[in-house]
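Visitor: Okay, here's the structure, questions in a sec.
Every read-out reported here was derived from the displayed coordinates using simple, explicitly stated rules and does not represent laboratory data. Here the structure is a predicted model, which is why all the values come from computation and not from measurement. Note that we place each Cβ from the backbone using ideal geometry, even for glycine, and neighbour counts take in every protein chain shown.
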Amino acid sequence: MSSPFIKPELVCPAGNLPSLKAAVDAGGDVVYLGFRNASNARNFEGLNFSATEAQEGIEYAHQHGARVYIAVNTSPKPGQEKAWTSSVDLAAELGADAVILSDMALLDYAKRHYPSLRRHLSVQASACNYESLEFYHREFDITRAVLPRVLTLDDIRILNDRTSVETEIFVSGGLCVMAEGRCWLSSFVTGDSPNMQGVCSPAHAVRFEEQQDTLDVRLDGVLINRFAPNEAAGYPTLCKGCFEAEGKQGHVMEEPYSLNVLEMLPDIMHAGISALKIEGRQRTKHYVKEVVSVMRAAVDACAADPQSYRTQTTWVERMNAVSEGGARTAGAYADEWR
Amino acid sequence: MKQHIKLSVGPLLFGWPETKVNDLYLGLAENPDVDILYLGEVVCSKRMIAGIDPIVRLADELKSCSKEIVLSTLAMPCGEHELQTIRDLIRAAGERNLAIEANDMSAVSIAAEAGVAFVAGPHLNVYTPYALQRLSTLGAMRMVPPMELPPQDIPSITAQSGVEVEYFAHGKLPLTFSARCYTARARGLSKRTCHHTCFMDPDGIEMRSLDHEGFTTINGIQIMSHRPFTVLNHVQELRQLGVGVLRISPQHEHMTDVIHRFRAVADDMQDGREALISLGGDSPLQQQFCNGYYHGKQGRVWIEDR
């Protein structure tokens, strides 16, 4: 397969205004954000944007040649649709460059009311094949889809050969090991889920319990990890916990590593992918600055000369310094991960 | 007169050898308590060793049993091979005038184009009235809401849609799908080299917390609840919410007993709670079942009747 070489845009996370500015200053092409309510899938305490902050963020980005995408990617609760449609209205009024949506109700609403506002299919819609992408394109005229982290790079290249919908993939940060939008583990354990409340393993359910010689981590009472006294403990996401299966204890679902595709960049740029998404709206301004700077340098270097592109040691060091568990897995993009 | 509640047996979610699958469904064909049978592989295409042929053959064998037969599609078709499986299954369904259960938007799209009626499966993420109406215009004749959706929200989604509602009523809850096979991983294998190791586990394998409490069930690329979910003691409330079909998800043992009790409760021949206690045997209900999603709470918990 010979997909054309594409220099993808870099889509960067912002949980607040300082992070947005850091992402723009570090060379992000696009910043994505959500409003401070349950209308987006990162509805974490202390995160996200008010209307005024979003307006200031969009102005800042546009003044510096960057764009802003706004995620409204949970499903409206029956009877409370207005809370969600008004987020789409606001995104349009503020001059966002695209809205990231998953529910068909909102895709339809946005298409009817704001036909010229780009609609991107959120990863929460879990569209992992070209038939699904073409379906959303036909029905709701989407221009792009964020792909769930279930496909290999080969799968993605083949998919891109068969659809006119642009694709965006995650390239850095926390790794969802399940198909996004198809995971109810969080509501199973805590009652709150990404699809319905916009949260996974929510902070209000987390308890750290100091035992005599361990630190126990519980999520709504369920023991999901146990650390030795000086062991580094990252954010307790359910699927990165330690459990028992087949008589063995360990990371039954996934190690707490972060995603890192630096080595694969030349292949990514030959796979017809339009945009690279950095995860981490819940992370700090410093994190955003570091990861965006490294990815900017890497994408520019690879685009300038893919043949002689090599991952720089300093990039890896900077990524590892800020990433939970170190940035050291290619996740589902590599077949052996499965 | 109260509306007759139909009972369905959902698609088998575990990896069973073909003979065991056939035994299950041919046995169900004789069971007067069951109205609808779902056949087909939802979880992992690697389990379809002989493609869709065994499924279609079984559907043909079941033709004379006067039950509604529905062919279920894969929930997470990733490559061309898996999409082709869905196309073939939908063509086979169309030729036989059967409906399919669409568990991915690709199946919705292909079925709509082929004019094949479909059941909107629980993995389609239908959370809004609009989504259901749109699917209805594309050919959805029934929907299974996502299990995490509180049943009290069902009427506001389904009202005026004309789409029949089927509620996941009993069985281990399918909670996730992944690219990774956790059964293979638990045994030091990978998805590519799995040797169909999940065929050794007719009810999946147990995942426990480090303090040895049952947590979830590993079923290939899927994680399920540890204990079966049940609403045997809430059948009448579900009827009032407009539920027309109760789905029982296949399990290794006691299928006939579970089905029989649901029929008896749905027909007002037995009290739901009594039926549940007799189904559960001696140990407390909270050690045997979960029902939190029914109450809009954590899916894993058991909540006693208010």
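Visitor: Starting from the Cα gyration tensor of region B:26-133, take the square roots of the eigenvalues, sort them a ≥ b ≥ c, and report rounded, prolate or oblate (rounded when a/c is under 1.5, otherwise prolate if a/b is larger than b/c, else oblate). If you can, show how the numbers build up before the last one.
Guide: Numbers: a/c = 1.71, a/b = 1.24, b/c = 1.38.
Judged from the Cα gyration tensor, region B:26-133 comes out oblate (a/c at least 1.5, b/c at or above a/b).
Visitor: For chain B, take every pair of Cα atoms, bin their distances at 10 Å starting from 0, and report each bin as a whole percent.
Guide: Answer for chain B: a P(r) of 6, 28, 37, 24, 5, 0 percent.
Visitor: Separate question: Under a point-charge model restricted to the Cβ atoms of Lys and Arg (+1) and Asp and Glu (-1), what is the dipole moment magnitude of chain A relative to its Cα centre, in debye to the nearest 20?
Guide: Working: 32 positive and 44 negative charges, 95 e Å.
Dipole of chain A, to the nearest 20 debye: 460 debye.
Visitor: Still on this structure, I have one more. For region B:282-291, just list the computed ³J(HN,Hα) in residue order, Karplus coefficients 6.51, -1.76 and 1.60, θ = phi - 60°, integers in Hz, with x standing in for Gly and Pro.
Guide: With coefficients 6.51, -1.76 and 1.60, one gets 8, 6, x, 4, 5, 8, 10, 9, 10, 8 Hz.
Visitor: In addition: Counting only DSSP beta bridges with both residues in chain A, what percent are antiparallel, rounded to the nearest 5?
Guide: Details: 15 of 46 bridges.
Percentage antiparallel, nearest 5: 35.
Visitor: Determine the percent antiparallel among the DSSP beta bridges restricted to the protein assembly as shown, to the nearest 5.
Guide: Working: 32 of 90 bridges.
Rounded to the nearest five, the antiparallel share is 35 percent.
Visitor: A further question follows. Please give every one of the aspartates and glutamates within straight-line cross-link reach of B:Lys6, meaning a C-alpha to C-alpha distance under 20 Å, and leave out same-chain neighbours fewer than 8 residues apart.
Guide: Of all the aspartates and glutamates, those that pass the test against B:Lys6 - Cα under 20 Å, at least 8 places apart if same chain - are B:Glu30, B:Asp33, B:Asp35, B:Glu68, B:Glu101, B:Glu164, B:Glu166, B:Glu237, B:Asp257, B:Asp267, B:Asp268, B:Asp271.
Visitor: Let me ask something additional. Hey, how many Å between the Cα centroid of region A:1-40 and the Cα centroid of region A:195-215?
Guide: 28 Å
Visitor: What whole-number distance in Å separates the alpha-carbon centres of region B:26-88 and region A:85-104?
Guide: Region B:26-88 and region A:85-104 have Cα centres separated by 40 Å.
Visitor: So what's region A:186-250 giving for Cα Rg divided by 2.2 N^0.38 Å, two decimals?
Guide: My calculation over the Cα atoms of region A:186-250 gives 1.16.
Visitor: If you take the alpha carbon radius of gyration of the protein assembly as shown and divide it by 2.2 N^0.38 Å, what ratio comes out, to two decimals?
Guide: Values: Rg = 24.1 Å, N = 644, 2.2 N^0.38 = 25.7 Å.
Scaled against compact globular proteins, the figure is 0.94.
Visitor: Follow-up question, since we're still on this one. Under 16 Å Cα-Cα from A:Lys248, which aspartates and glutamates qualify once same-chain neighbours fewer than 8 residues away are excluded?
Guide: The qualifying aspartates and glutamates are B:Glu206, B:Asp211, B:Glu213.
Visitor: Follow-up. Please list, ordered by chain and number, the residues whose modelled amide H lies under 5 Å from the amide H of A:Arg149; skip anything fewer than 5 residues away on the same chain.
Guide: Distant-sequence amide H within range of A:Arg149: A:Glu180.
Visitor: Assuming a ≥ b ≥ c are the square roots of the Cα gyration tensor eigenvalues, decide whether region B:15-79 counts as rounded (a/c under 1.5), prolate (otherwise, with a/b larger than b/c) or oblate. Intermediate results must be reported in sequence, preceding the final value.
Guide: Values: a/c = 2.18, a/b = 1.78, b/c = 1.23.
Note, shape of region B:15-79 comes out prolate.
Visitor: Distance from the Cα centre of region A:132-147 to that of region A:228-254, in angstrom?
Guide: First find each Cα centre; the distance between them is then 37 Å.
Visitor: Any idea how far apart B:Ser278 and A:Thr284 come out in nm if each label point goes 7 Å out from Cα toward Cβ?
Guide: 6.3 nm
Visitor: Each residue of region B:64-79 in turn: what ³J(HN,Hα) in whole Hz from Karplus with 6.51, -1.76, 1.60 and θ = phi - 60°, glycine and Pro shown as x?
Guide: Result, rounded to whole Hz: 7, 8, 6, 10, 6, 10, 10, 9, 8, 9, 4, 7, 9, x, 9, x.
Visitor: A further question on this structure: What are the ³J(HN,Hα) couplings of region A:134-139, residue after residue, when phi is run through the Karplus curve with 6.51, -1.76, 1.60 and θ = phi - 60°? Round to Hz, x for glycine and proline.
Guide: 5, 4, 5, 5, 5, 7
Visitor: While we're on this one: Would you work out the charge dipole size for region A:186-250 about its Cα centre, treating the Cβ of every Lys and Arg as +1 and the Cβ of every Asp and Glu as -1, and quote it to the nearest 20 debye? Show your work: numbers first, answer last.
Guide: Values: 5 positive and 9 negative charges, 35 e Å.
The dipole of region A:186-250 has a size of about 160 debye.
Visitor: May I ask you to list the lysines whose Cα is less than 26 Å away from that of B:Lys297, ignoring any residue fewer than eight positions away on the same chain?
Guide: Reachable lysines: A:Lys77, A:Lys82, A:Lys240, B:Lys172.
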